[in-house]
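Beneath this line is the structure, given in structure tokens, with notes to follow.
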Amino acid sequence: MIDIHSHFFPCISAATAEAANPGRAPWLRIDDDGEIGQIMVGDKPFRPVYRSLWDPQFRLQEMDQHGIDIQVNCATPIMFGYAWDAQLAADWAARMNEEALAFAAADPRRLKVLSQVPLQDVKLACAEASRAQKAGCIGVQIGNHAGDRDLDHPDMVDFLIHCANEGIPVFVHPWDMMGGKERMRQWMLPWLVAMPAETQLGMLSLILSGALERIPESLKICFAHGGGSFAYTLGRVDNAWRHRDIVRQDCPRPPSEYARRLYVDSAVFDEGALKLLVDVMGVGHVMLGSDQPFPLGEQEVGALVRGAGFLSAPQRDRILGANAVEFFGL
């Protein structure tokens, strides 16, 4: 199996974070037993985590337990730094990419990594994506927006064109979710409601803006969490395109015709949802993604795909590995 969606966080000390960007750079506080820790921002805890997030040897043991042959790791999104000064974010991204490659060095055959870039500055982002790719990353992870700029913003489109031309696969992860501080304050609702909406927003921004008409078809772009709410609401979007000129003003074809320009992971946790996803995106555009090592990830990696009765054996093999080989050129 090839798992294309997992995260890491390097052992950044409080002093290192403070030197990089005081009060804004995240760091890792590890408990005395070395088994659990906390991602911190300044003196505020952000998320409890455990050893698999920072220890590649422990990760390899977990991969063996799950039967994962290769795992693609990317930054925990709080590491992005998109609201920072652009040059500070560029320096940070380069450092985090070296940390990612050091994580993968524990077993370069099995551990692969994506780079991060300072997405707030398109020139710096393009330069770092290319540098990191040459250094050994197999693609780049970006957030679905940088501040108020969604993926249809000219700078974002220029970055995606650069990745298409350079042959750099792109993985889009939702972050910095909509809703504000006074809404969705309980029950992890930002992760359960706003995160799928952010992913759909990224996908529809590319489609309805006409950006996919300008971006080369060679672009390989994958969206996390099964594309969020995209597949389930695509019929609504097509209906709006047919009946409202303001929806289709920049999009010359029905939105559903663009779905198979995009890829998604399989992290949907329900066989009915997976079937819809395969029907909408095509079996060749769905790849196994666990979202490990976080609690909202698939706890028995690959179980949903392996147990999906509607999939044939060749289709199952594609989702569990062959599609990732093609997408990332493994």
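Count, please, the residues in segment 208-233 that happen to be in a helix (DSSP H, G or I), open to solvent by less than 10 Å² (accessible area, probe 1.4 Å) and within 13 Å of Ala197 (Cα to Cα).
Of the residues in that region, 3 qualify.
Taking segment 141-171 only, how many residues are in a loop (DSSP other than H, G, I, E, B) and either within 20 Å of Leu201 (Cβ to Cβ) or modelled with pLDDT under 95 (or both)?
6
Only one of these conditions is not met by Ile138: (1) open to solvent by less than 10 Å² (accessible area, probe 1.4 Å); (2) outside any helix (DSSP H, G or I); (3) among the aliphatic types (A, V, I, L, M). Which number is it?
That leaves (1) as the condition not met.
Exactly one of these conditions fails for Glu128: (1) in contact (Cβ under 8 Å) with a residue 12 or more places away in the chain; (2) among the charged types (D, E, K, R); (3) over 13 Å from Phe80 (Cβ atoms). Give me its number.
Evaluating Glu128 over (1) in contact (Cβ under 8 Å) with a residue 12 or more places away in the chain; (2) among the charged types (D, E, K, R); (3) over 13 Å from Phe80 (Cβ atoms) leaves (3) as the failure.
Need a quick list: helices (runs of 4 or more DSSP H) entirely within segment 264-330 having at least 1 residues that are under 19 Å from the mean Cα position of the chain (by Cα).
Those helices (runs of 4 or more DSSP H) span 271-281, 323-328.
Looking at (1) over 17 Å from the mean Cα position of the chain (by Cα); (2) open to solvent by 60 Å² or more (accessible area, probe 1.4 Å), which one does Asp176 not meet, given that it meets all the others?
Asp176 satisfies all of (1) over 17 Å from the mean Cα position of the chain (by Cα); (2) open to solvent by 60 Å² or more (accessible area, probe 1.4 Å) except (1).
The values are calculated or read from the model by the stated rules, or taken from the named source; none is laboratory data. Small disclaimer: the values here were computed from a predicted structure and weren't measured. When we count neighbours, we look across all protein chains shown, and the Cβ atoms used for this are built from the backbone with ideal geometry, even at glycine. Calculation scope for accessible area: heavy atoms of the full protein, side chains included, ligands and nucleic acids excluded. Shrake-Rupley method; radii C 1.70, N 1.55, O 1.52, S 1.80 Å.
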